[in-house]
Amino acid sequence: MGNQKKYDENCYLTGLKNAAEYIMKEIRISGLKETPAVAVILGSGLGAFADCISGGGSLNYAEIPGFVQTTVKGHEGRLIWGRVGKTPVIAMKGRFHYYEGHDMAKVVSGVRIMKLCGIKGLLVTNAAGGTGEKFLPGDLMLIKDHLGMFTPSPLRGNESDYFGPRFPDMSKPYSERLMRIAQAAALEEGIDLKKGIYAYMQGPSYETPAEIRALSGLGADAVGMSTVPEVIAARHAGIEVIGISCITNSAAGTGDKEISHDDVMSVSGKVENTFVRLVAKIISMWPG
Ligand code: HPA
């Protein structure tokens, strides 16, 4: 390996460790005694969950040394920690996307920093387009598996050896026990929650009808521009994962409307209360 590459990788890891150390120091100062057990990544228009977190504090991404900044409308760029029920939790209100121009190592840097902060579990959320009739705008979908082969892996390069093996198993990307808990939480809250498969596309253009037909033929129920890189990095690092999509629109060619980010935000805004109730319930039922 070239010296420059080795140097870049060392810088990457040092940057992650510095950010984690800074966050942990702020968590202690805020008075939260426990280490956050679960991280939550809040997708487009789904940030209101942060208001359910109490007994901790928060930081803007800009205050954290080395933390990537968000550039997307609806992604505030704030880290919030505290408790939901008895579960100590840390939430990223705003995430990093490949289409923003970051390389994949940066896209997953938040997950890796949370890992260095000590999390054992990750709940990822996103806004997604429904590819067929199974999921309609306004539905919530528990992600049972994903399609992610249309993108470079976040594990490409050698810096990731620090977090896990070169060839990690991905046969159980989403935790079965956590899916059972999510379904029990949905039942208690009276929320309809079916399972489906999420497909990752790089964006930022929405898909064409031909792409959606192809994805649908491959088994996808929903499509979006996030989540999969984070889940790969999390599983690689031994983190237990659960994912929920908020279906905000009919994917290209399956509905009668053009797709716009404003409409995506408007639908996720309408579902936000239900979504927050579900996520808060899941977090409060999180197994030790
Ligand atoms: N495609 C990709 N990403 C999305 C969509 C979509 O239809 N809706 C919300 N995010």
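The values are calculated or read from the model by the stated rules, or taken from the named source; none is laboratory data. If you're wondering where the values come from, they're calculated on a predicted model, not measured in any experiment. Neighbour counts are summed over all protein chains in view; Cβ atoms, including those assigned to glycine, are modelled from backbone coordinates with ideal geometry. Surface areas here come from the heavy atoms of the whole protein model, side chains and all, with no ligands, DNA or RNA. Shrake-Rupley method; radii C 1.70, N 1.55, O 1.52, S 1.80 Å.
Ignoring solvent entirely, what values of log10 I(q)/I(0) come out of the Debye formula for region 68-199 at 0.11, 0.14 Å⁻¹ when each Cα is a single scatterer?
Rounded to two decimals, the profile gives -0.49, -0.83.
Please report Rg (one decimal) and Dmax (integer) in Å for the Cα set of region 172-264.
Cα-based Rg and Dmax for region 172-264 come out at 14.8, 42 Å.
Per-residue accessible area for residue 180 at 1.4 Å probe radius, Å² rounded to 10?
150
Along the charge dipole of the chain, pointing to its positive end and built from +1/-1 on Cβ of Lys, Arg, Asp and Glu, which listed residue (259, 163, 40) has its Cα farthest out?
Farthest towards the positive pole: 163.
Determine how large the accessible area of residue 195 is when every protein chain is in place; take a 1.4 Å probe and give Å² rounded to the nearest 10.
Answer for residue 195: close to 70 Å² accessible.
Per-residue ellipticity at 222 nm for the chain, helices alone: DSSP H runs ≥ 4 residues times -39500 (n - 2.57), over residue total, nearest 500 deg cm²/dmol?
Details: 7 runs with 96 residues, N = 288.
So the helix-based figure for the chain works out to -10500 deg cm²/dmol.
Between residue 258 and residue 34, what is the label-to-label distance in nm when each label sits 7 Å out along the Cα-to-Cβ direction?
4.8
Subtract the Cα-Cα distance of residue 202 and residue 285 from 0.36 nm times their separation in residues, and report this length gain in nm to one decimal. Provide the component values of the computation, followed by the final result.
Working: separation 83, 0.36 × 83 = 29.88 nm, distance 3.32 nm.
Between residue 202 and residue 285, full extension yields an extra 26.6 nm.
Could you size up the charge dipole of the chain around its Cα centre, putting +1 on the beta carbon of Lys and Arg and -1 on that of Asp and Glu, and report it in debye to the nearest 20? If you can, show how the numbers build up before the last one.
Working: 31 positive and 30 negative charges, 183 e Å.
Here the size comes out at about 880 debye.
Relative contact order of region 72-151: what whole-number percent is it, with Cα pairs under 8 angstrom and at least 6 residues apart?
Values: 42 pairs, mean separation 11.9, N = 80.
Relative contact order comes out at 15 percent.
Taking only protein heavy atoms and a 1.4 Å probe, what accessible area per residue, in Å², does the chain have with all protein chains in place?
Working: 12400 Å² over 288 residues.
Heavy-atom SASA per residue in the chain reads 43 Å².
Take the alpha carbon atoms of region 1-126, find their radius of gyration, then divide it by 2.2 N^0.38 Å using N residues; give the quotient. Intermediate values should be presented prior to the final figure.
Values: Rg = 14.5 Å, N = 126, 2.2 N^0.38 = 13.8 Å.
Against the compact-globule rule of thumb, the ratio is 1.05.
Which residues in region 217-242 have a backbone N closer than 18 Å to a point placed 7 Å from the Cα of residue 189 along the Cα-to-Cβ line?
Answer for this model: 241-242.
Report the far tail of the P(r) of the chain, meaning the percent of Cα-Cα pairs longer than 22 Å.
Values: 22736 of 41328 pairs.
Cα-Cα pairs of the chain separated by over 22 Å account for 55 percent.
Under a 10 Å cutoff between Cα atoms, tell me which one of 188, 207, 100 has the largest fluctuation in the Gaussian network model of the chain.
Fluctuation is largest for 188.
What is the log10 of I(q)/I(0) for region 120-165, computed with the Debye formula using one identical point scatterer on each Cα and no solvent, at q = 0.16, 0.17, 0.27 Å⁻¹?
-0.70, -0.76, -1.16
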